[in-house]
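The values are calculated or read from the model by the stated rules, or taken from the named source; none is laboratory data. What you see is a predicted model, and the numbers here were worked out from it, not measured in a lab. Virtual Cβ from ideal backbone geometry, glycine too; neighbours counted across all protein chains shown. Heads up: the accessible areas ignore ligands, DNA and RNA and are worked out on the full protein's heavy atoms, side chains in. Shrake-Rupley method; radii C 1.70, N 1.55, O 1.52, S 1.80 Å.
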Amino acid sequence: MERKDKINYYLDIADAVLLRSTCLRRRYGAIIVSNDEIIATGYNGAPRGRKNCIDTQFCARETLQIPSGERYELCRSVHAEANAIISAARSNMIGSTLYLSGRDVKTGKYLSDTTPCTMCRRLIINAGIRRVVCRTGAQEYTMTNVRDWIFNDDSVITRI
C-alpha cells in the first residue's frame, strides 16, 4: 500500500469537513494547518443560530439563477475559509496553510474551479496565512502563495 502524500492527506480531511456543509448548491470544507497540526476547520453554512438552507429548502441564489462567484450578499452562508479563520487564533495562523475542498451538491463531483472568493482572500491575507491549497480533482490541486494576492492586487481599480 502506497503512502498518501501530505497535501492530499490534508485535502482529504478538508473533504471530510465539507460533509457538514448546509448549502444546497456547493459544499466546501477548509482546514488550517500550522507546523503539521490542524488548528481549525470550517465548512460553509448559515451563521450560528440561524436556519440552514438545507432546513429551509430555499436558496435565493439558486432561485434567481445567479452564477457562481456573483452576488454573495444574497447567500445565507458563511464561507468555509471564513469559518475556519474565526475558529483559530491569529497567532496560530501566521505562516500556516489553508486547505480547501469543494463539491457540487447535485453531482458530488469536485469543483475544478475551487478558489477563495475576493472577500475570503482578504481574510486569509489578514489572518497571516502563507499558502492556500485548493482541491480541483481527486488527486489534483492548485497551490497559491498568499503574497501573490498581496502584490497582484486585483481589487484596485486604476481608472474608470
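Scan region 118-151 for residues that are under 21 Å from residue 5 (Cβ atoms) and either in contact with a helix residue (DSSP H, G or I) (Cβ under 7 Å, 6 or more places away or on another chain) or among the charged types (D, E, K, R) (or both) and jot them down.
Those that are under 21 Å from residue 5 (Cβ atoms) and either in contact with a helix residue (DSSP H, G or I) (Cβ under 7 Å, 6 or more places away or on another chain) or among the charged types (D, E, K, R) (or both): 129, 130, 131, 132, 133, 135, 139, 140, 141.
Being open to solvent by 80 Å² or more (accessible area, probe 1.4 Å) and of a type outside the set (Asp, Glu), is that true of even one residue in region 11-23?
yes
Considering region 106-132 alone, what residues qualify as being closer than 18 Å to residue 70 by Cβ and among the β-branched types (Val, Ile, Thr)?
Within region 106-132, 114, 115, 118 meet the criteria.
Could you list all residues from region 1-43 that are part of a helix (DSSP H, G or I), of a type in the set (Asp, Glu) and over 11 Å from the mean Cα position of the chain (by Cα)?
Listed by number, the list holds a single entry, 12.
Where the second residue is open to solvent by 20 Å² or more (accessible area, probe 1.4 Å) and modelled with pLDDT of 95 or more and the first is among the small types (Gly, Ala, Ser) and lies in region 5-22, which pairs have Cβ atoms under 6 Å and are six or more apart or on separate chains?
21/27; 21/43
Is it true that some residue in region 58-69 is in contact with a strand residue (DSSP E or B) (Cβ under 6 Å, 6 or more places away or on another chain) and not charged (D, E, K, R)? Show your work before the answer.
Within region 58-69, the subset in contact with a strand residue (DSSP E or B) (Cβ under 6 Å, 6 or more places away or on another chain) is none.
Looking through region 58-69, none of the residues is in contact with a strand residue (DSSP E or B) (Cβ under 6 Å, 6 or more places away or on another chain) and not charged (D, E, K, R).
With respect to residue 31, determine if the residue is farther than 19 Å from residue 122 by Cβ, aliphatic (A, V, I, L, M) and modelled with pLDDT of 95 or more.
Spelling it out, residue 31 is indeed farther than 19 Å from residue 122 by Cβ, aliphatic (A, V, I, L, M) and modelled with pLDDT of 95 or more.
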